[in-house]
Structure formats: C-alpha cells, structure tokens
1. Within the stretch B:46-55, track down each residue that is over 11 Å from the mean Cα position of the chain (by Cα) and surrounded by 14 or more Cβ atoms within 10 Å (Cβ to Cβ).
2. Among the listed residues A:100, A:90, A:74, A:63, which satisfies the condition of being among the aromatic types (Phe, Trp, Tyr) and in contact with an Asp or Glu (Cβ under 8 Å, 6 or more places away or on another chain)?
3. Give me a count of the residues in the stretch B:68-113 that are crowded, with 20+ Cβ neighbours inside 10 Å and away from chain A (no Cβ under 14 Å).
4. Considering the stretch A:79-110 alone, what residues qualify as being out of contact with any helix residue (DSSP H, G or I) (no Cβ under 9 Å at 6 or more places or on another chain) and not in a strand (DSSP E or B)?
5. Among the candidates A:33, A:48, A:7, A:44, single out the residue that is within 14 Å of another protein chain (Cβ to nearest Cβ) and more than 10 Å from the chain's Cα centre (by Cα).
6. For the stretch B:10-42, give me the residue count where each residue is surrounded by fewer than 19 Cβ atoms within 10 Å (Cβ to Cβ) and within 9 Å of chain A (Cβ to nearest Cβ).
7. Only one of B:62, B:3 is touching a strand residue (DSSP E or B) at 6+ places or on another chain (Cβ under 6 Å) and either touching a residue at least 24 places away in the same chain (Cβ under 8 Å) or not polar (S, T, N, Q) (or both). Can you tell me which?
Amino acid sequence: AQSVTQLDSHVSVSEGTPVLLRCNYSSSYSPSLFWYVQHPNKGLQLLLKYTSAATLVKGINGFEAEFKKSETSFHLTKPSAHMSDAAEYFCVVRGSKYIFGTGTRLKVLA
Amino acid sequence: GAVVSQHPSWVICKSGTSVKIECRSLDFQATTMFWYRQFPKQSLMLMATSNEGSKATYEQGVEKDKFLINHASLTLSTLTVTSAHPEDSSFYICSARLREADTQYFGPGTRLTVL
C-alpha cells in the first residue's frame with residue numbers, strides 16, 4: 001500500500017526567507033510524486049512532479065523538490081518566500097489513484 | 001495546456017432539489033475524470049472515478065444514487081447531487097487525465113451550499 005505523510009500542518013515564514021515543506025512517502029515500488037498548491041476557494045495547481053527521472057525536480061514559481069529514496073522523502077523548497085506563496089500545499093503519491101497528504105498551510109509574514 | 005474548467009463556480013440551492021456540476025477538459029481529451037469532495041481545512045476525498053462511456057466507479061461510502069456521475073464525452077463529465085441536503089454542502093473538485101500514467105489536472109472547484 002502507498003501512503004504519504006506531510007509532517008507539518010502549518011508553516012510560517014517571513015517574506016524573503018526559505019521555505020521547506022516536508023513530505024514522506026511509503027511505496028512498495030518506485031513512486032510517482034507530486035506537489036500541488038491550492039489557494040483559498042480555488043482548485044489545485046500542479047507545482048511539480050517526480051516520475052523516476054532526475055531526483056531534483058524544478059517546478060513553477062521557483063519551487064523545487066528533491067526525491068530521496070534512502071529517506072523516503074520528497075520535501076518542497078523555495079529559496080525566498082513571497083507573499084503570494086501563502087496557500088495550502090498537498091503532497092501526492094500516485095498509485096491506482098492519487099493519495100493525498102493532509103496538507104500544509106503556508107503562511108508568509110511581511 | 002491541460003486546462004480543466006468547472007461550472008458553476010458556486011451554487012446555492014434549497015434542500016430537496018438537485019444540482020448539476022459540469023467538468024470540462026478544454027484542451028485535451030480526458031479518458032478519465034475524477035470527482036473529489038473537500039471539507040473546510042481538510043484534504044481532498046475521492047468520491048468516484050469516471051471513464052468515458054462507462055459507469056463510474058464509486059469509493060466506499062459514497063452513495064451512487066445520490067451523486068450521479070455521467071461521462072458522456074471525452075471532454076465532459078457531470079456530477080449531479082440529487083435531493084440535496086445541508087450536509088451535502090461542500091467544495092467539489094474535478095480532475096481529468098488522458099492516460100493512466102498521466103498527471104491529473106484539476107478544475108477550479110464548485111462551492112455548493114444547500115439551505
């Protein structure tokens with residue numbers, strides 16, 4: 001069975017400082033992993049995806065994530081937070097269907 | 001590319017009435033569409049998987065007679081909430097993909113409020 005755990009339900013950072021959103025996964029085979037962002041009352045937007053190519057994946061809006069098999073992690077990072085990054089972020093592992101993490105709410109302080 | 005739309009974006013209805021929500025893939029043909037429900041401050045819950053031209057597959061605990069799903073074409077799926085009750089009030093999100101190994105692309109969601 002596959003599962004995904006987002007380790008922080010809330011993360012607060014100051015504008016201009018780095019962002020780290022943590023995600024651990026469990027999978028019996030090489031997984032496909034995704035990060036999506038959801039702004040209030042909006043649908044989900046794909047930030048980036050890992051599908052067994054390069055382990056460092058670059059996404060939109062300056063986000064990137066690194067697949068670490070030894071740590072079963074797929075953490076999302078951004079060097080410098082912007083106010084517009086404030087949103088809910090979901091880590092997803094794909095099996096026969098999408099399995100969503102519980103989400104991390106990112107707050108960016110001015 | 002890969003744009004999915006939903007209509008309406010929000011709807012308010014009276015208890016006992018039925019509401020139809022449309023999900024369209026605008027620039028690709030979606031052989032599979034998914035319907036999710038999201039409660040406030042929670043993650044997405046998959047309700048059903050819909051393949052074009054066949055009956056939808058519902059997740060455990062989802063009433064198929066209450067949440068009618070039709071996927072009549074490669075670009076359109078509809079979710080009809082029948083005899084809506086206040087507890088059906090929620091944010092409904094659809095997604096679409098072309099092939100099994102493909103990424104799902106999500107619509108903007110529909111906020112349903114049942115009075």
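The values are calculated or read from the model by the stated rules, or taken from the named source; none is laboratory data. Just so we're clear, the structure is a prediction, and the values are computed from it rather than from any experiment. Please note: Cβ atoms are built from the backbone with ideal geometry, for glycine as well, and neighbour counts cover all protein chains shown.
1. Within the stretch B:46-55, the first condition is being over 11 Å from the mean Cα position of the chain (by Cα), and the residues that meet it are B:51-55.
Across the stretch B:46-55, the qualifying residues are B:51, B:52.
2. Values: A:100 fails: in contact with an Asp or Glu (Cβ under 8 Å, 6 or more places away or on another chain); A:90 fails: in contact with an Asp or Glu (Cβ under 8 Å, 6 or more places away or on another chain); A:63 fails: in contact with an Asp or Glu (Cβ under 8 Å, 6 or more places away or on another chain).
When all the criteria are applied, what remains is A:74.
3. 6
4. Passing the criteria: A:81, A:83, A:86, A:95, A:96, A:97, A:101, A:102, A:103.
5. A:44
6. 3
7. Values: B:3 fails: touching a strand residue (DSSP E or B) at 6+ places or on another chain (Cβ under 6 Å).
Result: B:62 is the single residue among B:62, B:3 that is touching a strand residue (DSSP E or B) at 6+ places or on another chain (Cβ under 6 Å) and either touching a residue at least 24 places away in the same chain (Cβ under 8 Å) or not polar (S, T, N, Q) (or both).
Each row is one residue, and each column tells you yes or no for (1) of a type in the set (Val, Ile, Thr); (2) surrounded by 15 or more Cβ atoms within 10 Å (Cβ to Cβ); (3) under 23 Å from residue B:2 (Cα atoms).
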| residue | (1), (2), (3) |
| --- | --- |
| A:23 | no, yes, no |
| A:35 | no, yes, yes |
| A:42 | no, yes, yes |
| A:48 | no, yes, yes |
| A:70 | no, no, no |
| A:75 | no, yes, no |
| A:81 | no, yes, no |
| A:94 | no, yes, yes |
| A:106 | no, yes, no |
